[in-house]
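Below: one structure, written as structure tokens.
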Amino acid sequence: MQRQDFEKLGVFYLGKRHDPASHETTDELLLYDSRDLTTHAVCVGMTGSGKTGLCISLLEEAAMDGIPAIAIDPKGDLSNLMLTFPDLSPDDFLPWIDPADAERKGVTAQRLASDTAEEWRAGLARWGQDGERIRELRSRAEFRLYTPGSSNGIPLSILHSLDAPSRDVMNEPDALADRIETAVSGFLALAGGEGLDIHGREHVLLQSILAHAWGEGRDMNLAELIRAVQNPPMKQLGVLDVEAFYPSQDRLKLAMMLNNLAASPGFIPWTMGEPLNIESLLHSPEGKPRVSILSIAHLSDKQRMFFVSLLLGEVVTWMRSKPGTGSLRAILYMDEIFGFFPPGAEPPSKKPMLTLLKQARAYGLGVVLAAQNPVDLDYRGLSNTGTWFVGRLQTERDKLRLLDGLESASANVVERAGMDRLLSGLDKRVFLLHSVHRRNPELFQTRWAMSFLRGPLTGTQLKKLQQGEPQVPPAEPNRPALAPSSSKPWTPPEIEEFHAPLPLPPSPGQTVLYRPHLFASVKLHFVSAREKIDLWEDCTLLVPAVTDGTDAWTSAECIRGKPYPMDRDPAPDPSYEPISPDAVKAASMKYFNTRAASWLYQEQALSVWYCLKPRAASDPGEEKGAFATRLIQIDRENRDLQVEQLRESFEKRLVTVQDRVRKAEQKLEREKSQYSHQKTQTAVSVGATIMGALLGGRIGSGSVGRATTAVRGATRASREKQDIASAESELEVQRERLNELEKEFNDRLSSMQEPLRAEELLLEEKLVRPRKSDTHISRSGLLWIPVLHRPDGSAM
């Protein structure tokens, strides 16, 4: 099947133009420039308008163009993006057929699956698509379904959401303040404090604690936050002492509220699964683009607000870590914005969303919001929204409110009367496209979605969609059962001793068991003149201080990039595993330090990646996937620049020829009009002469004059007819020139190189070992690492 008409670089095939006069859809394609999405988009339409199908098609087109997306799904519809069947076989559709639907239609589920497969095949064909395009969609992007707070899909862990942000964010006071406020607001909302004033003392205290820890370069976790509420690290807040500003008895109530959250069984799913990492949601480790569907339909309103606020804060932080670009780097889509960006109110999700709408354009992040009713949106916050997709609206009041919103969000004057006419009586799947990048608003009918639009899926069905088992935090290595003691084993005073903080407070009935590890805080120096690398990196080496006689170095772990958190004091009522006396002797520690340097030289390395085409090298410490993503983004920027230059080079010529076509059309209409007028006049003159003769009138000078006039009129009519033929010929010539020019443009566009894909990059790895003589151990000693035990004694 030929699809070259819409398979063009940098454009999304969303549908075909719709004629408002005839209510018919034309054959003219509606192609949307992907770069226009950097100014964001809003899609509004009532239930049944086709809004979800349009937005799913937009995400499909983004994936076809190699653009990753994060799709927040409050209703459960976006999981349909996982239902793509290249073979379009009835057996593919059968597991997703609702037996109740088949029963209502009086057919078997197998028959309904067969009918649905045929319907999808025919629907795709009508829009120039087929199973091969679906296959291409699946090959160009990786689709993943996440279910935060649940194991129905891939769970997401929020344990690292209180980690210190990047240096770029730390160096921007406004960005840092936004990140802290969003994190605190989210946790308080989940803990039951959603009604608290963001300027209240609860917010001020928690924000000050986070700012203090992050300012020291330390990560936080919920357990540390709770302890810091009870014993704040600062003495003053503003000009008041902490005790005067927030007495200890009142702080205890706040600590208990947060502790109840941490101890709740419902909080456990939030601590399991993959880390909430925006880069991982957008790209695979190899750099392949991902469409990550974050299904939150199963969550309560409070939990949804917590997660969305936290996610948006992470997106803002990720965004600010990227270099600026004018090309579309990624998409953030939210299927139902109701309650998260309301007019008037200030939920925790609103501020980071507003930040994205104002600033994301500079970083190439396109934000797309969908809503059923215009009243759900704060139009004042959408003044930076460049594209509006408007479908059928529920009431006349909604239409009037929308027109108000378009006026507030548009830099140009909105012609209300004309827009009103276009919005009235929109058919299903017909949308008005209003964009600051287009001269006039346009009506179009959405294309057939490649994904099977099944509707919301059940938890059981979501589990079917899950590809592979969810990743969970790495389990503790198998170790022999050791008899713990409530007393900490004795260690020599010359050996420094620390406790790692608890990631979470223990739940009722849980105990804290500390396991002994030797540690070394180390600076590694990676040097390579050829690769132009001179990089110092902090790391922490951990080796179990076991007593079972096995080689503990086989379980050694190196944590690179930032200092490992350590406390002097343990958690309340802990127990301790025994420790080998030989492990903590002064001589043993000296040997440990010597072997640590050798082990780090052998086992640790800095990867440098090289790409043969295009020729490029990764930055020091840049992972393979991040390097591949950067190369693809550079290629997209170059491609967009070439397309823009091509358009500019053809634009003047196209305008000139189009103007000639228009003038030729106008001339033809004039000639036809003149011919029609002259033909009528000649017919009147000839008719008058004939009638005079028939009525027996004498042939006088008047009759001769009329006859002469008739003859001359006939001659002029003949000339006018020749002029029409000449005008038609000229119009044909100009139209042919226009067609040739458009063909030349499309041929030049098609000849441009296809976008780079991660799997096509030829990457080679070179390992740079740390310089052994420069390895510097600044501190070493004994570190007790906690493990939470359930009431039955099993480790968490």
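The values are calculated or read from the model by the stated rules, or taken from the named source; none is laboratory data. From a predicted model like this one, the values you see are computed outputs, not experimental measurements. Every residue, glycine among them, receives a Cβ derived from its backbone with ideal geometry; neighbour counts consider all protein chains shown. When the accessible area is computed, the model is the full protein with side chains, heavy atoms only, and any ligands, DNA or RNA have been set aside. Shrake-Rupley method; radii C 1.70, N 1.55, O 1.52, S 1.80 Å.
Structure summary
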quantity	calculated
Selected residue (only one of Ile67, Ile72, Ile56 is touching a residue at least 12 places away in the same chain (Cβ under 8 Å) and either in contact with a His (Cβ under 7 Å, 6 or more places away or on another chain) or within 18 Å of Pro755 (Cβ to Cβ) (or both))	Ile67
Extreme residue, most open to solvent (accessible area, probe 1.4 Å), among residues of the range 119-172 that are of a type outside the set (Ser, Thr, Tyr) and touching a His at 6+ places or on another chain (Cβ under 8 Å)	Asn152
Hey, Arg515 basic (Lys, Arg) and either in contact (Cβ under 8 Å) with a residue 60 or more places away in the chain or touching a strand residue (DSSP E or B) at 6+ places or on another chain (Cβ under 8 Å) (or both) or not	yes
Failed item, numbered, when Lys652 is tested on (1) open to solvent by 40 Å² or more (accessible area, probe 1.4 Å); (2) without any contact (Cβ under 8 Å) to a residue 40 or more places away in the chain; (3) part of a loop (DSSP other than H, G, I, E, B); (4) among the charged types (D, E, K, R)	(3)
Failed item in (1) within 27 Å of Val768 (Cβ to Cβ); (2) among the polar types (S, T, N, Q); (3) surrounded by 15 or more Cβ atoms within 10 Å (Cβ to Cβ), with Thr554 passing the rest	(3)
Val546 vs. criteria crowded, with 20+ Cβ neighbours inside 10 Å, of a type in the set (Val, Ile, Thr), farther than 24 Å from Ser607 by Cα and touching a helix residue (DSSP H, G or I) at 6+ places or on another chain (Cβ under 6 Å)	yes
Options Lys532, Lys523; residue that is in contact with a strand residue (DSSP E or B) (Cβ under 8 Å, 6 or more places away or on another chain) and within 30 Å of Ala628 (Cβ to Cβ)	Lys523
Residue check, Arg35 modelled with pLDDT under 95 and touching a His at 6+ places or on another chain (Cβ under 9 Å)	yes
Matching entry among Ser321, Ser349 (being of a type in the set (Ser, Thr, Tyr) and modelled with pLDDT under 90)	Ser321
Every pair of residues 6+ apart whose Cβ atoms lie under 9 Å, when the first sits in the range 104-118 and is without any contact (Cβ under 8 Å) to a residue 40 or more places away in the chain while the second is small (Gly, Ala, Ser) and part of a helix (DSSP H, G or I)	Thr108/Ala102; Ala109/Ala102; Gln110/Ala102; Arg111/Ala102; Leu112/Ala102; Ala113/Ala102
Total residues in the range 746-796, condition open to solvent by less than 100 Å² (accessible area, probe 1.4 Å), at pLDDT below 80 and farther than 30 Å from Ile268 by Cα	7
Residue within the range 569-585 that is among the hydroxyl-bearing types (Ser, Thr, Tyr), out of contact with any strand residue (DSSP E or B) (no Cβ under 7 Å at 6 or more places or on another chain) and surrounded by fewer than 16 Cβ atoms within 10 Å (Cβ to Cβ) present	no
Asp19 vs. criteria more than 22 Å from Leu422 (Cβ to Cβ), surrounded by fewer than 21 Cβ atoms within 10 Å (Cβ to Cβ) and at pLDDT below 95	no
Test for Ser49: is it among the polar types (S, T, N, Q) and assigned to a helix (DSSP H, G or I)	no
Lone unmet requirement of (1) among the hydrophobic types (A, V, I, L, M, F, W, C); (2) open to solvent by less than 10 Å² (accessible area, probe 1.4 Å); (3) part of a loop (DSSP other than H, G, I, E, B) for Leu210	(3)
Filter result (surrounded by 17 or more Cβ atoms within 10 Å (Cβ to Cβ) and part of a loop (DSSP other than H, G, I, E, B)) within the range 485-500	Pro489, Thr491, Ala500
Within the range 228-249, tally of residues that are open to solvent by 40 Å² or more (accessible area, probe 1.4 Å), without any contact (Cβ under 8 Å) to a residue 24 or more places away in the chain and part of a helix (DSSP H, G or I)	4
Among the candidates Glu314, Glu396, residue that is open to solvent by 20 Å² or more (accessible area, probe 1.4 Å) and within 23 Å of Leu59 (Cα to Cα)	Glu314
Residues (within 24 Å of Met46 (Cα to Cα), aliphatic (A, V, I, L, M) and in contact (Cβ under 8 Å) with a residue 24 or more places away in the chain) located in the range 309-347	Ile331, Leu332, Met334, Ile337
The range 8-44: number of residues that are in a strand (DSSP E or B), on the phi < 0 side of the Ramachandran plot and either in contact (Cβ under 8 Å) with a residue 12 or more places away in the chain or under 20 Å from the mean Cα position of the chain (by Cα) (or both)	19
1 or more residues among the small types (Gly, Ala, Ser) and closer than 29 Å to Pro492 by Cβ: qualifying strands (runs of 3 or more DSSP E) within the range 509-621	511-528, 574-576
Selected residue [modelled with pLDDT of 90 or more, out of contact with any helix residue (DSSP H, G or I) (no Cβ under 7 Å at 6 or more places or on another chain) and of a type in the set (Gly, Ala, Ser)] from Ala360, Ala371	Ala371
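For every residue, the table says whether it meets (1) of a type in the set (A, V, I, L, M, F, W, C); (2) in a helix (DSSP H, G or I); (3) at positive phi.
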position	(1), (2), (3)
Arg251	no, yes, no
Ala255	yes, yes, no
Asn259	no, yes, no
Ile268	yes, yes, no
Glu279	no, yes, no
Glu286	no, no, no
Val291	yes, no, no
Leu294	yes, no, no
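For every residue, the table says whether it meets (1) touching an Asp or Glu at 6+ places or on another chain (Cβ under 9 Å); (2) among the charged types (D, E, K, R); (3) open to solvent by 10 Å² or more (accessible area, probe 1.4 Å).
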| site | (1), (2), (3) |
| --- | --- |
| Phe12 | yes, no, no |
| Tyr32 | yes, no, no |
| Leu37 | no, no, no |
| Met46 | yes, no, yes |
| Leu54 | no, no, no |
